[in-house]
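Written below as structure tokens is the structure these notes are about.
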Amino acid sequence: MIILVNRGSYEIVEKKPFILKTESLGSGIAVGFINKEKGIFGLLSYIFPYRENDIELDEGILYSGETLFNILQNELEKRNLDYEAAKWVLIGASKYKGGMSFLDLPEKNLKVAESWFKRQNLWERVIKKIEAPHPIFLEVNGKEGCFEIKFKNKVERYE
């Protein structure tokens, strides 16, 4: 089963052979993790960096990176996830030629993610694919325990 994780949301799965995948990220960020020992894996994706950018919509809330990382941390602590035993991937923060650089979304989004990973002492262990060509997508394959980064008709697989 494939679960699409929309921007501004997250998904955590335990002991089920699902695939989690993002929409095209653009200047947004996706973070995936896999802990094979516990059978836990997940994916979060966001387009806006800061909490004040959380937006309530008819379909639910579009969360910012700051909010999602707080939710993720709470969820992982409930599951007693060993951060060091998990594999982590961070992708996105693509820059566009002639884009709206005044927003600095790629830089701000990356700063939020980097800050969280550094607080967890994981930054040096994270697989990073940032500022890559657009479009870029992330898949977290729980069955096979791997990540697939797809961009410009290429696929990079990390186990």
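Readers should treat all values here as calculations from the given coordinates under stated rules, not as data from a laboratory. What you see is a predicted model, and the numbers here were worked out from it, not measured in a lab. Note: ideal-geometry Cβ built from the backbone for every residue, glycine included; neighbour counts use all protein chains shown.
Between 34, 61, 29, which is β-branched (Val, Ile, Thr), crowded, with 19+ Cβ neighbours inside 10 Å and in contact with a helix residue (DSSP H, G or I) (Cβ under 9 Å, 6 or more places away or on another chain)? Full working, then the answer.
Working: 34 fails: in contact with a helix residue (DSSP H, G or I) (Cβ under 9 Å, 6 or more places away or on another chain); 61 fails: crowded, with 19+ Cβ neighbours inside 10 Å.
None of the other options fit; the residue is 29.
Condition test on residue 93, is it among the small types (Gly, Ala, Ser) and surrounded by 18 or more Cβ atoms within 10 Å (Cβ to Cβ)?
So residue 93 passes the test.
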Flag for residue 78 being in contact (Cβ under 8 Å) with a residue 60 or more places away in the chain and either of a type outside the set (Gly, Ala, Ser) or closer than 21 Å to residue 139 by Cβ (or both): no
State whether one or more residues within the range 15-24 are assigned to a strand (DSSP E or B), over 12 Å from the mean Cα position of the chain (by Cα) and touching a residue at least 60 places away in the same chain (Cβ under 8 Å). yes
Filter the range 42-59 for residues that are outside any loop (DSSP other than H, G, I, E, B) and touching a residue at least 12 places away in the same chain (Cβ under 8 Å); which is farthest from residue 104 (Cα to Cα)? 42
Considering only the range 1-14, state which residues are closer than 21 Å to residue 86 by Cα, more than 11 Å from the chain's Cα centre (by Cα) and not acidic (Asp, Glu). 3, 12, 13
Please determine, by comparing only the residues of the range 64-90 that are part of a loop (DSSP other than H, G, I, E, B) and surrounded by 15 or more Cβ atoms within 10 Å (Cβ to Cβ), which one is farthest from the chain's Cα centre (by Cα). 81
With charged (D, E, K, R), touching a strand residue (DSSP E or B) at 6+ places or on another chain (Cβ under 6 Å) and over 18 Å from residue 46 (Cβ atoms) as the only criterion, which of 144, 148 stands out? 148
Every listed condition ((1) surrounded by 17 or more Cβ atoms within 10 Å (Cβ to Cβ); (2) among the β-branched types (Val, Ile, Thr); (3) in a strand (DSSP E or B)) holds for residue 3 save (1)
